[in-house]
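The values are calculated or read from the model by the stated rules, or taken from the named source; none is laboratory data. Fair warning: this is a prediction, and the values are worked out from it, not measured in the lab. We place every Cβ from the backbone using ideal geometry, glycine too, and count neighbours over all the protein chains shown. Areas reflect the complete protein model, heavy atoms only, side chains present, ligands, DNA and RNA absent. Shrake-Rupley method; radii C 1.70, N 1.55, O 1.52, S 1.80 Å.
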Amino acid sequence: MIKLSAISKNYQTDKVQTRALDNINLQVRAGEFVSIMGPSGCGKSTLLNIIGLLDRPASGQIEINGQLLGKYSDSQVAKLRNQTFGFIFQSFHLINELRVIDNVELPLLYRKMPAAERRAKAKAALEKVGLTARMEHFPNQLSGGQQQRVAIARAMVGEPQILLADEPTGNLDSQMGAEVMSQLLALNQAGTTIVMVTHNEQEAKHSNRIVRVFDGQLVQ
Ligand code: ADP
Ligand code: ADP
């Protein structure tokens, strides 16, 4: 489903160049749940952002569902990203000025879906994460665990094939973290491919495979 070949990425700040990723080869099959682990600064977020087409590599090839992206324009890449991936982040990234239901509808708004259909799909997504009763609340009226479940509903409302999660439980206590993990496992069992960055070995044990990164390289 995802194939990265010889991916490298540098960041240039002032006169310092950082090699964030160095010759990464990685394949993720449909239906897998892969965890990415490694010390802070080793390149995990960069790798996840490249897989999710949020960022482009300096060199190497990316193949998504058999399509090589090399010659894709920015707008073709954006379209493929929106069709293929859902994202969740450590800090939730909900819009605090919008009610929960409106947050979940956002990706569908960008797709120009009619309002009634948007509302129905957003309600269904919130029902799956057990938050129908909080639909009219604002994000800051919810616990961290509930906010992350809203973010999961928003990520999944457009029915992406692949969910990318960057330390999804990093800001949550262990009980809320466990609730979020059980939502992710349920999604994976229902067929969604998941790639998750985590620092938590216990969480990673729930996945099918652990990929370890050190200094921009895959070491295991
Ligand atoms: P991790 O997610 O494992 O903590 P990152 O992928 O965030 O690691 O970062 C990998 C390396 O790239 C680090 O050395 C980091 O400081 C550097 N880096 C990440 N993003 C940027 C950026 N936007 N500009 C400059 N350097 C960056
Ligand atoms: P942190 O670990 O500091 O909380 P996040 O996990 O929130 O960081 O974000 C990880 C990366 O994804 C960052 O480089 C951020 O700029 C990027 N990012 C966050 N939200 C979005 C978004 N909605 N769309 C695109 N990129 C995003």
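A few comments on the model shown:
- Taking every protein chain into account, the accessible area of the chain amounts to 50 square angstrom per residue (probe 1.4 Å).
- With θ taken as phi - 60° and the Karplus curve 6.51 cos²θ - 1.76 cosθ + 1.60 applied, the whole-hertz 3J(HN,Hα) list for region 101-109 is 4, 6, 4, 5, 6, 3, x, 7, 4 Hz, x standing for glycine and proline.
- Spatial separation of Cα centroids for region 169-220 and region 123-157, in angstrom: 20 Å
- Rounded to the nearest whole Hz, the Karplus-based 3J(HN,Hα) values (6.51 cos²θ - 1.76 cosθ + 1.60, θ = phi - 60°) of region 23-35 follow the sequence 6, 8, 10, 8, 10, 10, 8, 4, x, 6, 10, 10, 9, with x at glycine and proline.
- Over 31 Å between alpha carbons, listed pairs Lys112/Lys205; Lys9/Lys112; Lys44/Lys71; Lys71/Lys121; Lys71/Lys128: Lys112/Lys205; Lys9/Lys112; Lys71/Lys121; Lys71/Lys128
- Per residue, the chain reaches -10500 deg cm²/dmol at 222 nm when only DSSP H runs of four or more residues are counted, each adding -39500 (n - 2.57).
- Mean separation of Cα contacts under 8 Å, 6 or more apart, over the residue count of the chain: relative contact order %: 30 percent
- Between Lys71 and Arg212, the simple label model (points 7 Å from Cα in the Cβ direction) yields a spacing of 4.1 nm.
- Distance between the pseudo-spin-label points of Asn140 and Arg19 (7 Å out from Cα toward the beta carbon): 4.5 nm.
- Of the GluC sites (Glu not before Pro) found in region 1-110, the ones in coil according to DSSP and having at most 16 other Cβ atoms within 10 Å of their Cβ are Glu97.
- Applying the criteria of a DSSP loop state and at most 13 other Cβ atoms within 10 Å to the trypsin sites (Lys or Arg not before Pro) of region 19-74 yields Arg29, Lys71.
- Within the accessible area of the chain (1.4 Å probe), percent carbon and sulfur: 48 percent
- Estimated distance in nm for a label pair at Glu201 and Leu185, the labels positioned 7 Å out from Cα along Cα-to-Cβ: 1.9 nm
- The angle separating the long axis of helix 174-189 from the principal Cα axis of greatest extent in the chain is about 80 degrees.
- Rounded, prolate or oblate (a/c below 1.5 giving rounded, otherwise prolate when a/b exceeds b/c) for the chain by Cα gyration tensor: prolate
- Shape class for region 18-139, computed from the alpha carbon gyration tensor (a ≥ b ≥ c): prolate, with a/c not under 1.5 and a/b above b/c.
- In order along region 131-141, the phi-based Karplus estimate (6.51 cos²θ - 1.76 cosθ + 1.60, θ = phi - 60°) of 3J(HN,Hα) comes to 10, 4, 5, 9, 3, 8, 7, 9, x, 6, 8 Hz; Gly and Pro are listed as x.
- Amide H contacts of Leu94 (H built 1.01 Å from N, under 5 Å, at least 5 apart or other chain): none
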